[in-house]
Amino acid sequence: MALISKGRIKGLDLKKEFRIRSMKPYSSFASPLAESLADKECFPYDSVPNFPVSTVPGHRGQLVFGLLDGVPVMCMQGRFHYYEGYPICKCAMPIRVMKMVGINYLIATNAAGGLNEKYKVGDIMIIKDHVNFLGFAGVNPLRGPNDERFGPRFPAVSRAYDAKLRAAAMRIGKEMGIGHQIQEGVYTCLGGPSFETVAELAAMKILGIDAVGMSTTYEVIVACHSGMTVFAFSLITNKCVTTYDEEVMPNHEEVIQTGKENEEVLKAFVSRIVQHITQ
Ligand SMILES: Cc1cc2[nH]c(=O)nc(N)n2n1
């Protein structure tokens, strides 16, 4: 979500391009919230010049503009992942489009495996920091010539996840009566599409990682580079498989199912955070 002044790129009025009447918050969000918007206008990704298209089951593949409890918002239904085969800068490109329409905040959401033993399936982990494993191998969305229109060559990302919004989200969770399922921790992004081995998870535990996924960090780095304020959370969709004798292996069906089971509470949670941002 982002509070935005009316955005416009020098010489290119995106409002005409997107027929945007008034832009305020934005959310990179799963389908259900975008479906619930009033006064919706949808732009399939393949109708937006140079946009990648979603290839992952459960990701619709369109930009949705509309009203969330009266607040004009922009949602992504489906995001792009490194494992789909896109360059990482292409996976983060939608964040630059949002910046170009004048966005100053981002709410990013994802599904993730719970590595922290205290976590339960269905928990919401507010992300306080990330370990960008992809970046350790140089897979960074800012690699290559720097585009000065957005930010500096060497951006700081030490406070990528806004502390005030994290505290507000914690309070909102308690007010909603879901404080018992709200966590705060460190998220990591792996390349995927294979899930992690037991040994990899043991290593990540030593590194203090709480939840494991395959997205988000590259979007947050680009949002930070562009000077956007970021809030992000993970829905814990499964417990990471940390031993060799566990019955159930991690699987995409479980991820989708847990997302469906929690969509109402997530919609309410994000709506309350939007209200907080726009008050
Ligand atoms: C979206 C998602 C869900 C899980 N679960 C897991 O154990 N490991 C992952 N990397 N991911 N990613």
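The values are calculated or read from the model by the stated rules, or taken from the named source; none is laboratory data. The structure displayed is predicted, hence computed values, not measured ones. As a convention, Cβ positions derive from the backbone with ideal geometry for all residues, glycine included, and neighbour counts pool all protein chains shown.
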Of everything in the stretch 127-164 that's touching a Phe, Trp or Tyr at 6+ places or on another chain (Cβ under 7 Å) and surrounded by fewer than 21 Cβ atoms within 10 Å (Cβ to Cβ), which residue is farthest from Phe231 (Cα to Cα)? Val139
So, in the stretch 58-92, how many residues would count as being surrounded by fewer than 19 Cβ atoms within 10 Å (Cβ to Cβ) and hydrophobic (A, V, I, L, M, F, W, C)? 3
Filtered residues of the stretch 62-101 (kept if modelled with pLDDT under 90 and small (Gly, Ala, Ser)): Gly66, Gly70, Gly78
